[in-house]
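Notes to accompany the following structure.
The values are calculated or read from the model by the stated rules, or taken from the named source; none is laboratory data. All figures in this text were calculated on a predicted structure; none of them were measured in a lab. Every residue, glycine as well, gets a Cβ built from its backbone with ideal geometry; the counts of neighbours run over all protein chains shown. Keep in mind that these areas ignore ligands, DNA and RNA; they rest on the heavy atoms of the full protein, side chains included. Shrake-Rupley method; radii C 1.70, N 1.55, O 1.52, S 1.80 Å.
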Amino acid sequence: MNNNNNNSLDLSDLAIRADLADYSPVRGCMVIKPYGYAIWELIQKELDQRIKACGHQNAYFPLLIPESFLKKEADHIEGFAPECAVVTHAGGEKLDEPLIIRPTSETIIYHMFSKWIHSWRDLPYSVNQWANVVRWEMRTRLFLRTTEFLWQEGHTAHATLEDADQEALRMLDVYLEFMRNILALAPYTGQKSDSERFAGAEKTYSLEVLLRDGKILQAGTSHNLGVGFAKAFNIQYQSKNNELTFVNLTSWGVSTRLIGAIILGHQDEKGLILPPKVAPIQVIIIPIFKTEDEKNKVMLECDSILAELKAEGLRVKLDDNEQISPGAKFHEWELKGVPVRVQVGPRDIEQKTVELVRRDKCEKIKSVLRTELSAKVKDLLTESHNFLYNRNLEWRNQNTHNNINSLEELTEVLDKKGGFANIHWDGSAEQENKIKEIAKATIRVRDFNEPKNEGKCIISGNKSMGKVLVGRAY
RNA sequence: CGGGAUGUGGCUCAGCUUGGUAGAGCGCUGUGUUCGGAACGCAGAGGUCGAAGGUUCGAAUCCUUUCAUCCCGACCA
C-alpha cells in the first residue's frame, strides 16, 4: 500500500513496476504476469532439458494428498504441518478424511513408488514433476516466498545410501551449472547443518546466492533422504540375493524463487538487469524520428533489423509506439532489464549505422555499422552474460569474510558489510543458536570447496572440523 | 502470533487536529504541436473516502467495532 520510498532494492516495488507480477486478492499469493511468466518458461525450458539429460522423465501427481500420508514420516509432518492448507469440505459435505494441498509431494510420490518398485532391476527409479505447491508461510514476499509457488521437484530411488548421495550431489551440480551458465549467478554449494536440514532428510545440500543488498538467498536444494521415507511408505525391493530391502531416496527442487534470485542478484538503481539467456526480450529496437519522411526511412530500417535479428534466433521486439518519446522508452526498457537496446534515427540512416546500448553497464556504443549489427549484438549478449556472472562471483568473493574470530566480530561484519562469514564452528546446536540469536544470522552451508582444516570454534573455542558459511538470508 | 504503520478515482498521496457534502500530481480518452535520455497545450472521463454501527441538522473528518494490506521479528524453497 504505502510503498512511497525510492529504494531501488525494494523487490516488491520493482517486480510490480517492471510488470513481472502483481498482488492477488488472497494474502501472500501473486499473479505472475506475462513478462514474468516468460522468464519462468525460459527457466523451465533450460532446466527441463538438463533434467531429462540425466535420464529423469516428467510426470504429474495430484494436488490433494490424504492427511494421513503426511503423518507417516514423523519429522516430515512436524516440519510441514503448521504451514499446510487443508481441504475439509467438498461437494457440500464434510470429508471423512481432510485433504492436504501439497506443500511438497514426497508422500504421494513415495506412496506410488511403493506400488511401482519391486526388484533391484527397477532401480534406480526416478520421476520429475513441474507443479504448484502451497505453504502457508507467515510472512511472504513476491517471488521469494509466496503462499503458492511454482517449482520442479525430482524424486529418485536407489539401492544404496551411496547411490542416493551421488544422485543428490549430481542434481546439485546440474543446478549449479544451470545457475552459472543460464542465470549468470555464482552460488556457493555445500551441505546444510542438522537444524537447517529438510524435514525427513539425512542430508540436505543447497545453493546459496549473494544478492546485491548483501543478503543471501537459498536458491535450490537437493536432499539425500536415506531410508526414512522408504520405511514410512514401505518401499522395498528384492535384492539379487532375494532379500527385501528398503530403497534410498532423493528429492531436489528449484522454484519461482529463482526469478527473485535474478532480480535481486543483478538489479541496479535503474531497475532489472536480466541475464540474456532468460530475458524474454533480448533486444529492443527503438526508432527515433521527427518528420514523416524520417519516420518512413527509420521504420523501414527497423523492420529490416527486426527481421534480421529474428532470423538469427534472437528474441527481439520493435517498440513502435508513437505516443511516447524515445527517452521515455529508454527508461521503460531499462526498468524491465532488456539486455541490449538498438536505437535507430535519421543520423544512423544517413551513416548506415545504429546505436547500441548495453543494459548491464548502461554503456552506449555509437555508430555501429549496420552491416556488423547482428554480430555485434550477439557479442554483446555473450559479454553481458559474462559480465553479470563475473560481477556476482566477485561480489560473493569480496563479501566472504574469512578472518572472524568472535561472535562480536561476526555480528559487526554482518551489520556493516553483509555477505558470508566463513567461520569455524564446533558443530553444536548450542553455538548455532547463539549465531541465530546474537548475530541474527544462520549457518548457510559447509562449502564444498573449503578445505577441511581443523580449527577452533569462534564462539566456544572447541575443536572445529572445518569452516561453515554464515550469513543473513531472506 | 507479537511490534509498527496504512486504508480517499487506475497509481502515489493531500484533506482529518479545528465536522459544512472531495482535491492534486501521474496515468487514461480525444486532439494538435513534439520526438537522439522520462515533451507540452487544449478538451474530457473517472471516487457511495475499506466495511458496519453510533454522535450530529450535517461525518472522509469525532466515537465504537470489524476487515484488509504493507513493513519489522519468529517459520520457510
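A few points about this structure:
- Solvent-accessible surface of region A:400-471, averaged per residue with a 1.4 angstrom probe and all protein chains in place: 51 square angstrom.
- For region A:180-197, putting each phi into the Karplus relation 6.51 cos²θ - 1.76 cosθ + 1.60 with θ = phi - 60° gives couplings of 6, 7, 10, 8, 6, 10, 10, x, 7, 10, x, 9, 7, 6, 4, 6, 9, 5 Hz, in residue order, rounded to whole numbers and with x for Gly and Pro.
- Region A:282-332 and region A:440-474: distance between their alpha carbon centers, rounded to Å: 52
- Between region A:373-396 and region A:344-360, the alpha-carbon center distance in angstrom: 20
- For chain A, the relative contact order comes to 14 percent (Cα pairs under 8 Å, sequence separation of at least 6).
- Loop-resident trypsin sites (Lys or Arg not before Pro) (DSSP state other than H, G, I, E or B) in region A:71-148 with no more than 13 further Cβ atoms inside 10 Å of their Cβ: A:Arg139.
- Pairs exceeding 23 Å between alpha-carbon atoms, taken from A:Lys45/A:Lys310; A:Lys215/A:Lys378; A:Lys72/A:Lys240: A:Lys215/A:Lys378; A:Lys72/A:Lys240.
- Solvent exposure of region A:281-378 as accessible area per residue, Å², 1.4 Å probe: 50
- Per residue accessible area of region A:80-199, 1.4 Å probe, in Å²: 42
- If you wrap the tightest convex hull around every Cα atom of region A:400-471 and split its volume per residue, you get 71 Å³.
- Inter-centroid distance (Cα atoms) of region A:223-257 relative to region A:116-145, Å: 14
- Solvent accessible area, Å² - A:Met30, 1.4 Å probe, full protein context: 30
- Using alpha-carbon coordinates, inclination of helix A:34-53 to the longest axis of chain A, degrees: 50
- Protection proxy ranking, peptides A:207-218, A:380-391, average beta carbon neighbours within 10 Å, highest first: A:207-218, A:380-391
- Near A:Ile285, the amide H atoms lying under 5 Å from its own belong to A:Lys317, A:Leu318, A:Asp319, A:Val342; only residues 5 or more places off or on other chains count, and H is placed 1.01 Å from N.
- Size-normalised alpha-carbon gyration radius of chain A, reference 2.2 N^0.38 Å: 1.11
- ³J(HN,Hα) computed for each position of region A:464-474 - Karplus, 6.51 cos²θ - 1.76 cosθ + 1.60, integer Hz, glycine/proline x: 10, 9, x, 7, 10, 8, 10, x, 9, 10, 6
- Rg in Å to one decimal, and Dmax rounded to a whole Å, for region A:131-254 via C-alpha atoms: 16.3, 57
- Computing Rg and the Kirkwood Rh from the Cα coordinates of region A:281-378 gives a ratio, Rg/Rh, of 0.92.
- Only protein atoms count toward the accessible area here, which uses a 1.4 Å probe; on chain A, the carbon and sulfur part of that area reaches 48 percent.
- Shape summary of region A:11-266, radius of gyration then Dmax from alpha carbon positions: 18.6, 63 Å.
- Ranked order, A:Glu83, A:Glu372 - accessible area, probe 1.4 Å, largest first: A:Glu372, A:Glu83
- Across region A:263-271, computed HN-Hα scalar couplings (Karplus, 6.51 cos²θ - 1.76 cosθ + 1.60, θ = phi - 60°) run 4, 6, x, 10, 4, 9, 5, 8, x Hz from first to last residue, x flagging Gly and Pro.
- The listed peptides A:194-205, A:394-405, ordered by packing as a protection proxy, come out as A:194-205, A:394-405 (highest mean of other Cβ atoms within 10 Å first).
- Since only A:Ala21, A:Thr189, A:Leu169 are under comparison, the one whose Cα sits farthest along the positive direction of the charge dipole of region A:11-266, derived from C-beta charges on Lys, Arg, Asp and Glu, is A:Ala21.
- Chain A: angle of helix A:429-438 to the longest principal axis, Cα-based, in degrees nearest 10: 40
- Angle in degrees between helix A:326-335 and the longest Cα principal axis of chain A, rounded to the nearest 10: 10
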